[in-house]
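Working notes, structure below.
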Amino acid sequence: MTLNKRITTVIAAAVLIAMTTVSASAQYRYRLSEREVRSIGYRNGFQFGLREGRLDRRGGNKFDFKRCRAYKDGKWGYRDDYRHDGNYRDGFRDGFEAGYRDGFRSFRGSDRRDDDRRDRDHDDNDSRRGRRY
């Protein structure tokens, strides 16, 4: 092997190692904590549960969040880069149950106007108390 080929090979190997190191450190830097992943799962679960609870109430079904596929799976909305699937699943199921409860119990009527009116009234009460969201 000539000297130029050896130098080229060494430089190529050094660049490859440097790129791998930068890539690994970038992934580590953006990794979410278990608590953050659980919180994301809770928020996603709450939204799915709220929707399912309203649909069940509207459809005249009994209160039963455990029969829903999303609750059983517990990973709807999960992304592989979260890495903590157990924490996500726990948060999702807790959020789903809370959202389902709210959706099932808060439904009053056949259209969305009641929900919008209740939200508007809630916002008015909060602004009188000095709360801003």
- prompt: Quick one: in the range 56-80, which of the residues that are assigned to a helix (DSSP H, G or I) and touching a residue at least 40 places away in the same chain (Cβ under 8 Å) is farthest from LEU32 (Cα to Cα)?
  reply: ARG58
message: Checking the condition surrounded by fewer than 20 Cβ atoms within 10 Å (Cβ to Cβ) and in a helix (DSSP H, G or I), which residue from ARG43, ARG93, ARG38 passes?
response: ARG43
message: Looking only at the range 57-71, filter to residues that are surrounded by 14 or more Cβ atoms within 10 Å (Cβ to Cβ) and among the hydrophobic types (A, V, I, L, M, F, W, C); which one of those is farthest from ARG101 (Cα to Cα)?
response: ALA70
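Only the coordinates and a few stated rules stand behind these numbers; no lab work does. All values derive from a computational prediction rather than experimental measurement. Methodologically, a virtual Cβ is constructed for each residue, glycine included, from the backbone with ideal geometry; neighbour enumeration extends over all protein chains shown.
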